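K.L.:
This is the structure I have questions about; it appears just below.
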Amino acid sequence: MIELAIPEHPAGLEPALEGIANVPGVFLLWPRTGKPYLARTNVLRKRLRRMLANLGGNAARVEYELTGSRLESQFLVLELARKHLGPRYREEIRLRFPPYVKLILSNPFPRTTVTARIGRAKAVYFGPFRSRSTATRFESEFLDLFQLRRCQEDLVPSPDHPGCMYGEMGRCLRPCQQIVGIAEYAHEAARVAEFLRSSGRSLAGPAESERERLSREMDFEGAALMHQRAKRIGEVIALRDEMAAELESLHAIAVLPAAEKDTVNLGWLRGGWWKGFSKIEFSMGEGKPFSLDARLRELAQAIEPGPSAGSIERMEHLAVLSRWRYSSWCDGELLMVEDWSKIPYRRLVNAVARIAHAKEQN
């Protein structure tokens, strides 16, 4: 952060601001008493001039940093808010955790729920979703493919349990009425977990293969039924939001404009953990060209798996990233990666080239 002392006399304000570019940035405005004001802006000098003029001589100093993208700004705002705004910093910057579909595995009879919290108990998390409504719809629709219970109670199985309509329709194994035991129910829960971990491929692949087999055997009636099932599975998978994946398999690379000239920022998400930013500079060192593909491979291979922060920080990072991606002001590209060992480098190179070209045009 660059620090600038504010002159007490109004006549000294304009000369003090001359060295600040009128570009996007994040700033902390420190009054002579009280907590600082934190904000981001697209016109840094203009915003500071207006605010300092309104404050008169009550501002002591300003700290600022230039940023190239909204995502970079949002991560910087989070970092500064955590440091300077006190225990209610998330409310100050209006940061809300996104929803996830959670398969609770710590329960003897696993069930799903929609939650905005990532806990430590054994569970499978699928998300983040754009909104609670999209998460709830996906949860409802994909559960139609299985016979997992939908009740929220802690079951005490008994033959006298009244059950529910899902059991009557054959869409629940009815563990509440002891129709199945823990082991048999656990097998169905494992199928649900695998569906989420594979983003639906565990059901889609076998259904498509079975359809092809039945067609080859000229069992057209069976093939038609299997075609309907494969189609239904595809429709359910299509309901997930763009970023939604099982959390430990959530990989993405953000390609963003940078504040520096001839530079593009890359943001790394691996296994649901935010790994920070890297820079790609296009100026040739000693006049020698470099391979963009090779440089991208080098950077990606340096991103280590595993935790990079605490659980709260993880939820905050995912909240910042998903808010940016699902917003109308997303100013970069997010390349989703199914397998970190199989990053589509050609697509990544093309995305970097597009962002660099767009930056030159601006």
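K.L.:
Springs between alpha-carbon pairs under 10 angstrom, Gaussian network model over the chain: which of L296, L239, L155 fluctuates most?
P.N.:
Sorting by GNM fluctuation, first place goes to L155.
K.L.:
I would also like to ask the following. At 0.36 nm per residue, minus the direct Cα-Cα distance, what do D293 and I2 gain on full extension? Give it in nm, one decimal, please. List each step's numbers first, then the result.
P.N.:
Numbers: separation 291, 0.36 × 291 = 104.76 nm, distance 3.38 nm.
Gain in length upon complete extension: 101.4 nm.
K.L.:
Tell me the Kirkwood hydrodynamic radius of the stretch 2-66 in angstroms, computed as one over the mean inverse distance between distinct C-alpha pairs. The partial results should precede the final answer.
P.N.:
Working: mean 1/r = 0.0864 Å⁻¹.
One over the average 1/r among Cα pairs gives 11.6 Å for the stretch 2-66.
K.L.:
Can you give the Kirkwood hydrodynamic radius for the chain, in Å, rounded to one decimal and based on Cα pairs?
P.N.:
23.9 Å
K.L.:
If the elastic network links every pair of Cα atoms under 10 Å, which of T134, T33, T41 fluctuates the most in the Gaussian network model of the chain?
P.N.:
Looking only at T134, T33, T41, the biggest GNM fluctuation is shown by T33.
K.L.:
State, to one decimal in nm, how far the label point of E141 lies from the label point of N350, with both points 7 Å from Cα in the Cβ direction.
P.N.:
The modelled label-to-label distance comes out at 2.7 nm.
K.L.:
Within the stretch 71-130, which trypsin sites (Lys or Arg not before Pro) sit in a loop by DSSP and count at most 16 neighbouring Cβ atoms inside 10 Å?
P.N.:
Filter output for the stretch 71-130: R88, R94, R96, R117, R120, K122.
K.L.:
Moving on. What is the projected area of the convex hull of the Cα atoms of the stretch 217-362, averaged over all directions, in nm²?
P.N.:
Details: hull surface 51.7 nm².
The orientation-averaged projected area of the Cα hull of the stretch 217-362 comes to 12.9 nm².
K.L.:
Same structure, new question: Once the other residues with Cβ under 11 Å from the Cβ of R132 are scored (Lys, Arg +1; Asp, Glu -1), what is the net sum? Could the numbers behind the result be given before it?
P.N.:
Values: positive: R96, R130, R137; negative: E139.
Counting the neighbours of R132, the net charge comes to +2.
K.L.:
Would you mind pulling out the separation of the Cα centroids of the stretch 197-247 and the stretch 293-332, in Å?
P.N.:
So the separation of the two Cα centres works out to 31 Å.
K.L.:
Filter the GluC sites (Glu not before Pro) in the stretch 1-40 down to the DSSP loop ones having no more than 15 other Cβ atoms within 10 Å, then list what survives.
P.N.:
Sparse-neighbourhood loop GluC sites (Glu not before Pro): E8, E18.
K.L.:
Suppose every K and R has +1 on its Cβ and every D and E has -1 on its Cβ; what is the size of the dipole of the chain about the Cα centre, in Debye to the nearest 20?
P.N.:
Using only the charged Cβ atoms, the result is roughly 800 debye.
K.L.:
Can you tell me the length gained on complete extension of the stretch W340 to N362, counting 0.36 nm per residue apart and subtracting the Cα distance?
P.N.:
4.7 nm
K.L.:
Which values, in whole Å and largest first, are the semi-axes of the equivalent ellipsoid of the stretch 36-93 obtained as the square root of 5 times each eigenvalue of the Cα gyration tensor?
P.N.:
Details: eigenvalues 82, 52, 14 Å².
So the equivalent ellipsoid measures 20, 16, 8 Å along its semi-axes.
K.L.:
Still on this structure, I have one more. Just grab the label-to-label distance for R213 and Q178, each label 7 Å out from Cα along the Cβ direction, in nm (one decimal).
P.N.:
3.7 nm
K.L.:
Let me ask something additional. List the pair-distance distribution P(r) of the stretch 100-237, using every Cα-Cα distance, as the percent of pairs falling in each 5 Å bin from 0 up to the bin containing the longest distance, rounded to whole percents.
P.N.:
Spelled out per bin, shortest first, that is 2, 10, 17, 19, 18, 15, 10, 6, 2, 1, 0.
K.L.:
I want to verify a result. In a Gaussian network model of the chain, Cα cutoff 10 Å, which of these has the top mean-square fluctuation: L269, L145, L66?
P.N.:
Looking only at L269, L145, L66, the biggest GNM fluctuation is shown by L145.
K.L.:
Same structure again: In percent, how large is the relative contact order of the chain, given Cα pairs closer than 8 Å and 6 or more residues apart? If you can, show how the numbers build up before the last one.
P.N.:
Working: 568 pairs, mean separation 52.6, N = 362.
With pairs under 8 Å counted, the relative contact order is 15 percent.
K.L.:
Looking at the stretch 168-264, which GluC sites (Glu not before Pro) are DSSP coil and have at most 14 other C-beta atoms within 10 Å of their C-beta?
P.N.:
Listed in order of number, the matching sites are E217, E242, E260.
K.L.:
Rounded to the nearest 500, what is the chain's calculated 222 nm mean residue ellipticity when only DSSP H runs of at least 4 contribute -39500 (n - 2.57) each, over all residues?
P.N.:
Taken over the chain, the calculation gives -12500 deg cm²/dmol.
K.L.:
Cα-Cα over 32 Å: which of K231/K279; K102/K261; K231/K359; K279/K342; K46/K261; K83/K342? Don't skip to the end; give the middle numbers.
P.N.:
Working: K231/K279 42 Å; K102/K261 43 Å; K231/K359 42 Å; K279/K342 21 Å; K46/K261 22 Å; K83/K342 37 Å.
Flagged as over cut-off: K231/K279; K102/K261; K231/K359; K83/K342.
K.L.:
Turning to a different aspect of this structure: Take C330 and E281, extend 7 Å from each Cα along the Cα→Cβ direction, and tell me the distance between the two endpoints in nm.
P.N.:
3.1 nm
K.L.:
Pairs of alpha-carbon atoms within less than 8 angstrom and 6+ residues apart define the contacts here; what relative contact order does the stretch 1-51 have, in percent?
P.N.:
With pairs under 8 Å counted, the relative contact order is 32 percent.
Read-outs throughout are calculated quantities, based only on the coordinates presented, and are distinct from any laboratory measurement. Computed from a predicted model, the values in this text were never measured in an experiment. Every residue, glycine as well, gets a Cβ built from its backbone with ideal geometry; the counts of neighbours run over all protein chains shown.
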